[in-house]
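Data first, discussion second: the structure below is written as structure tokens.
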């Protein structure tokens, strides 16, 4: 007798093969058998007539490192069928921890739980914290460059010297020995933005030696987009590491016609033998920290020094002149495209554009930004803005591409408790938006294409050989949903609404969502690099 039997489903197996009608049985944490099982018996039987059965969705580029420890139910993710979260992206992981970077790691928790105790230092210790008492989704850990750099250099924005590089290599090697899937950079964020290509090549070499992935938020995606992509390609070619370019879309302000040139450079690198691919969001923009609009020198010496510079009129003028903010739309004076998304000190302004706030306060929009950061004080890392920063034709070109996985670039949240302080509607809706908007309404992607981009394609990039595809013997991470009714319900004003149409979600064979209700099951695992 099987544990669970799912009958009469439209099975989309993740490989891009056409869907087929069939049954599937779960035994323990594995898919036992697929086929005609109408006369088999099970402890639980689900009739999936008219519904799609597919692999659990994989968030290849997420930031749920801390939020999964604050609320282990992973509410916003698992309610839309996400069963695996890759953490440690954009150079920002919560391991390793030492005296130099402890405060930086603790900042991930401070706005939610000010007294949270960071009680680990290594990945092995962090894995134990995740698994006791457990988490609702699987976790795939990357080790972050900015975290590593802070562990060696603190908040210094100086280039690393040979001794510091040796120390960073040692920390990265330890993380890889402990099973990290790879190494990430966030080259638009401090302090990783201070690293030169030489430093990055040295740090990626041990990643390649262990067969890990180099996941990179590259230096620029507007004026110097192609140069930044070529740097990522050079690092991959000179180290032998597989390369994943994060949220790989041209931003508004990039040279006309740059997107095809970027994709051609990536294809050329593949023809020369480099294992390189990329991920992209389903939307025309997203949330990030406006801190990345400040020049690198603004961060030298740590947060208190940054606050002092933000308050200094002369420093402000120099900051306004910085040519490479994370969103060039502000240099183009398109402040109406940017909304305040998260602010603990000015929550009454959330949802308003920076243009609107500037008019209300009779200020220059840059000064609005600087004042908002000052108001947050030492917690300015948590200030977030949101904007439409991509042209639809560029986003579509990348989304359709055969090398693209689809990501959210968010974190697990919940509409209650500490995590309700951080609102991000994409975190509740990215899968349902993909399937409603791009599949059902636009018919831009087939159902098989879309599911592939959030299952098998992402699993392959992360080296997950035991999931991402529906096949006997693989992990029973599964989703059952209604393709005709799956719908995202969130807005910027109401960002924490679960989607409609997700009927059942299984994580490692355990029923985690049953008819849109979380069962409380914590059956997720920390998925280390293959061989660990």
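The values are calculated or read from the model by the stated rules, or taken from the named source; none is laboratory data. These numbers come from a predicted model, not from an experiment. Note: ideal-geometry Cβ built from the backbone for every residue, glycine included; neighbour counts use all protein chains shown.
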- prompt: Which ones in the range 267-290 are part of a helix (DSSP H, G or I) and surrounded by fewer than 22 Cβ atoms within 10 Å (Cβ to Cβ)?
  reply: 267, 268, 269, 270, 271
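Where in the range 3-65 are there strands (runs of 3 or more DSSP E), lying fully within it, with 1 or more residues that are more than 30 Å from residue 217 (Cβ to Cβ)? Don't jump to the end; show me each part of the working.
Values: elements: 20-27, 30-35, 42-47, 52-55, 57-59.
Filter on the range 3-65 gives 20-27, 30-35, 42-47, 52-55.
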- prompt: Only one of 263, 203 is within 29 Å of residue 338 (Cβ to Cβ), assigned by TED's automatic domain parsing to the domain that holds residue 404 and assigned to a helix (DSSP H, G or I); which?
  reply: 263
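Yes/no per residue for (1) out of contact with any strand residue (DSSP E or B) (no Cβ under 9 Å at 6 or more places or on another chain); (2) at pLDDT 95 or above; (3) at negative phi:
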site	(1), (2), (3)
265	yes, yes, yes
272	yes, yes, yes
277	no, yes, yes
292	no, no, yes
query: Say we look at the range 353-378 and pick out the residues that are within 26 Å of the chain's Cα centre (by Cα) and buried (at least 16 other Cβ atoms within 10 Å of the Cβ); which of these is farthest from residue 305 (Cα to Cα)?
result: 353
query: Is it true that some residue in the range 316-326 is crowded, with 17+ Cβ neighbours inside 10 Å and within 26 Å of residue 434 (Cβ to Cβ)?
result: yes
query: When residue 349 is evaluated against the numbered criteria (1) buried (at least 20 other Cβ atoms within 10 Å of the Cβ); (2) more than 21 Å from residue 281 (Cβ to Cβ); (3) in contact with a strand residue (DSSP E or B) (Cβ under 8 Å, 6 or more places away or on another chain), which criterion, by number, is the only one it fails?
result: (1)
statement: Selection from the range 399-423 of residues crowded, with 24+ Cβ neighbours inside 10 Å and touching a strand residue (DSSP E or B) at 6+ places or on another chain (Cβ under 6 Å) yields 405, 407, 408, 409
- prompt: Within the range 439-459, is there a residue that is over 23 Å from residue 53 (Cβ atoms) and within 21 Å of the chain's Cα centre (by Cα)?
  reply: no
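Provide a single number: the residues in the range 460-485 that are surrounded by 24 or more Cβ atoms within 10 Å (Cβ to Cβ) and either under 20 Å from residue 51 (Cβ atoms) or touching a helix residue (DSSP H, G or I) at 6+ places or on another chain (Cβ under 7 Å) (or both). Even if it seems obvious, please write down each step before you answer.
Going through the range 460-485, the residues surrounded by 24 or more Cβ atoms within 10 Å (Cβ to Cβ) turn out to be 461-462, 464, 467-468, 470, 475-479, 481.
Imposing the further condition that a residue be either under 20 Å from residue 51 (Cβ atoms) or touching a helix residue (DSSP H, G or I) at 6+ places or on another chain (Cβ under 7 Å) (or both) reduces the set to 467-468, 470, 476-479, 481.
Residues that pass the stated criteria total 8.
Before we move on, is residue 429 closer than 25 Å to residue 52 by Cα and either surrounded by 23 or more Cβ atoms within 10 Å (Cβ to Cβ) or in contact (Cβ under 8 Å) with a residue 24 or more places away in the chain (or both)? Don't jump to the end; show me each part of the working.
Numbers: closer than 25 Å to residue 52 by Cα: yes; either surrounded by 23 or more Cβ atoms within 10 Å (Cβ to Cβ) or in contact (Cβ under 8 Å) with a residue 24 or more places away in the chain (or both): yes.
Yes: the conditions hold for residue 429.
Step by step: first the residues of the range 91-104, then only those that are out of contact with any helix residue (DSSP H, G or I) (no Cβ under 8 Å at 6 or more places or on another chain) and farther than 15 Å from residue 299 by Cβ, then the one that is surrounded by the fewest Cβ atoms within 10 Å (Cβ to Cβ). Which residue is that?
Only one residue tops the list, namely 99.
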From 4, 67, 83, residue being within 27 Å of residue 134 (Cα to Cα), modelled with pLDDT of 95 or more and out of contact with any strand residue (DSSP E or B) (no Cβ under 8 Å at 6 or more places or on another chain): 67
task: Check the range 307-321 and report whether any residue there is more than 30 Å from residue 136 (Cβ to Cβ) and not in a helix (DSSP H, G or I).
output: yes
message: Checking the structure you have, find out if any residue of the range 167-182 is touching a helix residue (DSSP H, G or I) at 6+ places or on another chain (Cβ under 7 Å), buried (at least 24 other Cβ atoms within 10 Å of the Cβ), at pLDDT 95 or above and under 26 Å from residue 294 (Cα atoms).
response: no
query: Which of the residues belonging to the range 512-523 are buried (at least 19 other Cβ atoms within 10 Å of the Cβ) and not in a loop (DSSP other than H, G, I, E, B)?
result: 512, 513
message: Given the condition farther than 23 Å from residue 425 by Cβ, crowded, with 23+ Cβ neighbours inside 10 Å and in contact with a helix residue (DSSP H, G or I) (Cβ under 8 Å, 6 or more places away or on another chain), answer yes or no: does some residue in the range 105-115 qualify?
response: yes
- request: Please specify each residue of the range 201-242 satisfying the condition of being crowded, with 22+ Cβ neighbours inside 10 Å and out of contact with any strand residue (DSSP E or B) (no Cβ under 9 Å at 6 or more places or on another chain).
  value: 221, 222, 225
